[in-house]
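Structure record follows, encoded as structure tokens.
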Number of protein chains: 2
Amino acid sequence: MSESIPARRLPSVLLFSLVPIAAWFVVRPLVDPIPSLPALYVSFGFSIFALLATICLVPVLGPTFVQANLKGRDLLKTYSTPIVYPFVNPIYSICILPRLLNGSQAQYTVREGMVINAFPHYQLSVYLSSLLSLLIATMLGFLDDIFDIRWRHKLPIPIIASIPLLMVYYADNGNTHIVVPIPLRPLFGPLYYLYMSLLSTFSTNSINILAGINGSEVSQAVVIALSVVLNDLLYLPWPTGFRIPLHLLGSRGEVEVGGVWSAGMAYGSTELVERHLFSLYFMLPLVGVCLGFLYHNWYPSRAFPGDTLCYVTGMAFAVVGIQAHFSKTLLLFFLPQIFNFVLSCPQLFGLVPCPRHRVPRFDPERHLLYPSKTQFLKRPLRLSTVVLRVLAGLGCTELTALPDGTILEATNLTLLNVLLLRFGPMREKRLTQTLIAVQITGSVVAFAVRYGLAYLVYDGDRR
Amino acid sequence: MSESIPARRLPSVLLFSLVPIAAWFVVRPLVDPIPSLPALYVSFGFSIFALLATICLVPVLGPTFVQANLKGRDLLKTYSTPIVYPFVNPIYSICILPRLLNGSQAQYTVREGMVINAFPHYQLSVYLSSLLSLLIATMLGFLDDIFDIRWRHKLPIPIIASIPLLMVYYADNGNTHIVVPIPLRPLFGPLYYLYMSLLSTFSTNSINILAGINGSEVSQAVVIALSVVLNDLLYLPWPTGFRIPLHLLGSRGEVEVGGVWSAGMAYGSTELVERHLFSLYFMLPLVGVCLGFLYHNWYPSRAFPGDTLCYVTGMAFAVVGIQAHFSKTLLLFFLPQIFNFVLSCPQLFGLVPCPRHRVPRFDPERHLLYPSKTQFLKRPLRLSTVVLRVLAGLGCTELTALPDGTILEATNLTLLNVLLLRFGPMREKRLTQTLIAVQITGSVVAFAVRYGLAYLVYDGDRR
């Protein structure tokens, strides 16, 4: 696939050992006559398959993509190997489908006596509109990769992709369960549509602008997706007892010791359980696909995610945030992205010059990354100077100025540069690891705020 | 956009005169408080907008597509100008959306006292799954255009795209209204899924293989879409009286003379009306987009449809045929495609050698098209000889043989070559016109069979 980067090969023993595990999860609900949460089992199995398929298919598809001119150049390497943008989304889409095929006829027991019919038609509409949004995001992301759409033009793309979500919300006559003061209610409808559009725009673009080093986009997606999965699992009913299969003892059936289902954070609300299951069906395969892709995207990258992956992961987060009604919690998982976005604003809105790429500067001799700089060709505005001085005071940028205080240069306003300023120059791989650590810290803070502090602010219904 | 083909420009008077007409259809349901069939009005208005948008956008997008290497070479021209594949499907998709936005809240009166609620949730699922299928077809068609997938590999693509259709059908527990003898019923379910997959495969590929000359694919799509529209219109209730607006006479309100709604072919069945309205919502914008694109694709082509357009139009036909339950009638509109497919079988299945392109041969000096030939490099099989002799006897091919009867050459087995054999060599534009005439004749025969002969075969419920 390339001359300068050696092909990366996982020991196939590892891959083959995962196949029976995946198969067990897919087949188990067919064998066990009254399974609990069967679609979730299947979804988990297919997520493992998604992981394996992505790991295996990327090297196979690579040369085809290079031939079709779908390649990029790594900005931070001495060699300029063409790097492949693969197209992992079909695997992702296919792995969401089993939820429908499996769940459409099945009923499952969440707790004793509490039976949920897995497929009312409203659920089907929600599910189909979510898939439609993901697919529009895939297509627009792919167009972006091919035509290299300008920054200003691509901003509204996620709004187009969220139209199906808004449509279903509209067709459902806008039944949200958010508590709004009565005088604000007429305003609330349009505002909520605006909020949903902005959420998808933010989740999509915020990952895309915290990019530029090997593995950064995909690892952010993995950490956020895992945080969402963890949050979902809190709402599921879990068996607190043990089920001992009697065939181990030479008999049929099983004995339940304890046999009580915990209510989880849902406190017995089937609606909440349903919503978080919906979220899991979209997030588990996403984790699978992203982990598989990260294997090839890890330093030194053999494959680039392109804009397509950012669009799709961003849209997937927006979809679960909106449809499963936990958009505020979701935003908490985006803390590093929010910080990066707010920090970038002076450059995005023209107060500070914004070069085409703001990735850290690479020193090919020492193999280290340094904060990249933007230069003022004209004398900066008064406002720009004030903003930059404040940011420099906070340690978010480093300025080069004339003795009279006129700013000549500033480091680009990105989280990656801030990390390099704070921890000193480092290798690219180390910077990606630092970014992952920051993202995980963000999620820990998010959980603390959501389940610790929220008690102080709200009480009762905290959906 | 190109040096050798002059740009094609419609008089802008013509374009601008259509804008108010389109706007009237879109706005009218908002002005008229109790409109009949409002979503249909809006859909018609948006179809005119689709026509205008396609005519205007193709030349604008052209250079971007050439730059992204999305271009083809016209096989039947002396010049080898790169020709643009445009991407008209986003316009099409956007123009289907109004049906949902408009129809979701509205109720409309089909006949006096017969009120249809335009949006039960099952309808929404059907609609969303149809959009999803169209979008998957768009994406796979686009991938095909970029990666140039081999013939054998692209055959199952429409099956993937039809998965959402099958899913919704499955979730609806397969309530079809087709009369099946009792012993065949257990077989019927799986067979019907197979039939639906095959229908989408056929409608997609059959347009794609009757291609190769300027305007052929798009004009087939236009004629078939117009035939479907005409068939749908037969099922709508039409006013048989007149409504005279009294403000013409200086008063308010209106007087209805006659005021009776005809039942159409639906004989008062709201379900049939619903289905054919669904079909119209998908077909009207398709006609708009295809007519607009035909303007640029007409001889000499300034834009190529690529595989994307064939996939999307084919899938759109399959969607309406399946969801509106008139797949048999639909197949009747594909008579020329069926003839072409059956004729092609000996080449598709390897009995007769199949070159990469089977388009007619172009004589650059006389500017005429002649039937193209395939050569037997090895001695043909006994079966091949028999098949070719029979086809030659029917006037479907012309053979070159040794005195001992060994076949050396045969004209390629396509409808286009048959037309050239029958009517003699002609110019490319003339051949496209002949093909259109054949397609229209096919539709006339289809209507005659459907509404004439069908009375002899079936009686009663002929859905």
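Checking the stated criteria, A:Pro98 turns out not to satisfy the condition of being at pLDDT 65 or above and within 14 Å of chain B (Cβ to nearest Cβ).
Scanning region B:135-149 for residues that are more than 10 Å from chain A (Cβ to nearest Cβ) and either crowded, with 24+ Cβ neighbours inside 10 Å or at pLDDT below 70 (or both) returns B:Ala137, B:Gly141.
Hey, could you check region B:402-415 for residues that are under 19 Å from B:Pro355 (Cα atoms) and in contact with a helix residue (DSSP H, G or I) (Cβ under 9 Å, 6 or more places away or on another chain) and say which is surrounded by the fewest Cβ atoms within 10 Å (Cβ to Cβ)? Full working, then the answer.
Of the residues in region B:402-415, the ones under 19 Å from B:Pro355 (Cα atoms) are B:407-415.
Filter again for in contact with a helix residue (DSSP H, G or I) (Cβ under 9 Å, 6 or more places away or on another chain), leaving B:407, B:410-415.
Details: B:Ile407: 20, B:Ala410: 28, B:Thr411: 25, B:Asn412: 24, B:Leu413: 25, B:Thr414: 24, B:Leu415: 22.
Of everything passing the filter in region B:402-415, B:Ile407 is surrounded by the fewest Cβ atoms within 10 Å (Cβ to Cβ).
Candidates in region B:132-152 are the residues that are under 17 Å from A:Phe65 (Cα atoms) and free of Cβ contacts under 8 Å to residues at least 40 places away in the same chain; of these, the one that is nearest to the chain's Cα centre (by Cα) is B:Met139.
Report, by residue number, each residue of region B:416-444 that is open to solvent by 70 Å² or more (accessible area, probe 1.4 Å) and either modelled with pLDDT of 95 or more or assigned to a helix (DSSP H, G or I) (or both).
Our first condition is that a residue be open to solvent by 70 Å² or more (accessible area, probe 1.4 Å); within region B:416-444, this holds for B:422-423, B:427, B:429-430, B:433, B:440-441, B:444.
B:Arg422, B:Phe423, B:Lys429, B:Arg430, B:Gln433, B:Ile440, B:Thr441, B:Val444, listed by residue number.
Selection of region B:310-335 for residues being under 15 Å from B:Asn205 (Cβ atoms) and open to solvent by 10 Å² or more (accessible area, probe 1.4 Å) yields only B:Leu331.
The number of residues in region A:154-171 being open to solvent by less than 60 Å² (accessible area, probe 1.4 Å), part of a helix (DSSP H, G or I) and more than 9 Å from chain B (Cβ to nearest Cβ) comes to 7. Yes or no: B:Leu191 at pLDDT 60 or above, open to solvent by 40 Å² or more (accessible area, probe 1.4 Å) and closer than 30 Å to B:Ser372 by Cβ? Spelling it out, it is not the case that B:Leu191 is at pLDDT 60 or above, open to solvent by 40 Å² or more (accessible area, probe 1.4 Å) and closer than 30 Å to B:Ser372 by Cβ.
Residue by residue, here is whether (1) among the polar types (S, T, N, Q); (2) farther than 30 Å from B:Tyr299 by Cα; (3) touching a strand residue (DSSP E or B) at 6+ places or on another chain (Cβ under 8 Å) holds:
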residue	(1), (2), (3)
B:Phe349	no, yes, no
B:Val352	no, yes, yes
B:Arg358	no, no, yes
B:Arg379	no, yes, no
B:Gly393	no, yes, no
B:Thr397	yes, no, yes
B:Thr411	yes, no, yes
B:Arg422	no, no, no
B:Glu428	no, no, yes
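The values are calculated or read from the model by the stated rules, or taken from the named source; none is laboratory data. If you're wondering where the values come from, they're calculated on a predicted model, not measured in any experiment. Backbone-built Cβ (ideal geometry, glycine too); neighbour counts: all protein chains shown. Surface accessibility is based on the protein's heavy atoms, side chains included, excluding ligands, DNA and RNA. Shrake-Rupley method; radii C 1.70, N 1.55, O 1.52, S 1.80 Å.
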